1. Is the range 60-69 home to any residue that is surrounded by 20 or more Cβ atoms within 10 Å (Cβ to Cβ), away from ligand 2 (no atom under 16 Å from the Cβ) and among the aromatic types (Phe, Trp, Tyr)?
2. State the number of residues belonging to the range 56-68 that are under 19 Å from ILE35 (Cβ atoms) and part of a helix (DSSP H, G or I).
3. Condition first: surrounded by 13 or more Cβ atoms within 10 Å (Cβ to Cβ) and assigned to a loop (DSSP other than H, G, I, E, B). Now tell me which residues in the range 91-128 satisfy that.
4. Can you find a residue that is farther than 30 Å from TRP149 by Cα, away from ligand 1 (no atom under 11 Å from the Cβ) and not in a loop (DSSP other than H, G, I, E, B) anywhere in the range 37-44?
5. When the range 142-166 is examined, which residues are found to be under 19 Å from the mean Cα position of the chain (by Cα) and either farther than 20 Å from PRO112 by Cα or at pLDDT 75 or above (or both)?
6. (1) within 25 Å of THR137 (Cα to Cα); (2) of a type outside the set (S, T, N, Q); (3) modelled with pLDDT under 90: which one isn't true of VAL110, the others all being true?
7. Test of understanding: among VAL75, VAL86, which residue is within 15 Å of ligand 2 (Cβ to nearest atom), assigned to a helix (DSSP H, G or I) and out of contact with any Lys or Arg (no Cβ under 7 Å at 6 or more places or on another chain)?
Amino acid sequence: MMEIKRTIKYEADRVRGFAQEIMSVSGCEQLKSCIQCGTCSGTCPLSIYMDFSPRQVMALVRADFKNEVLSSRTVWLCASCYACTVECPRQIRITDIMYALKQRAIKEGVYPKRFPIPILAKEFSKMVRSKGRITETLLVMRLFLKANWRAVFQSWRLGLGLRLGLGLRGRLQGLGDEPGIVRR
Ligand code: SF4
Ligand code: SF4
């Protein structure tokens, strides 16, 4: 039998005014009219990977549970596909709310520790602000070092192999034999 888990939320955990702050962001005003129908969660292709479903995020934001929302993985797993926004019966722009939450999380430095997506977003904007452009290799190195440096060492053989063609020579050479692919 499936186990049903319930989480008890306490009044003291609420950060008064958070919902109002998010709803004051352009495009997020309609959040107050959410009827908790769950259509967004049912539509979202990524909700099975999220710690809170989109419907739960809407409920938590409206109830001022700021810390739970900003430290969750949900806002970072949102792929901005807009499926939920299209289907919402109350025309709530859920994707825009997710963006507002991401911006807020980065501004306050509250996001899941060593989770790569917020680190990538932060490093990306930092690089654009300082240099006016990004250097992909440097960006990826910074991401790996800040998110999961062990992965760098676990992947070094693959990276070296791709670089030198070691062990992958057959496949790499084979690519050049495909029609339409010109070896340079
Ligand atoms: S689909 Fe719209 S109204 Fe329904 S739970 Fe999601 S945000 Fe609320
Ligand atoms: S925009 Fe984000 S929350 Fe909405 S359906 Fe797509 S992935 Fe899910």
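1. Within the range 60-69, one or more residues are surrounded by 20 or more Cβ atoms within 10 Å (Cβ to Cβ), away from ligand 2 (no atom under 16 Å from the Cβ) and among the aromatic types (Phe, Trp, Tyr).
2. Summing the residues that are under 19 Å from ILE35 (Cβ atoms) and part of a helix (DSSP H, G or I) in the range 56-68 gives 7.
3. ILE92, ARG93, VAL110, TYR111, PRO112, PHE115
4. no
5. Once the filter is applied, which keeps residues that are under 19 Å from the mean Cα position of the chain (by Cα) and either farther than 20 Å from PRO112 by Cα or at pLDDT 75 or above (or both), the range 142-166 yields ARG142, LEU143, PHE144, LEU145, LYS146, ALA147.
6. (1)
7. It is VAL86.
The values are calculated or read from the model by the stated rules, or taken from the named source; none is laboratory data. Keep in mind that what you see is a predicted model, and the values were worked out from it rather than measured. Cβ sites come from the backbone with ideal geometry, for glycine too, and all protein chains shown count toward neighbours.
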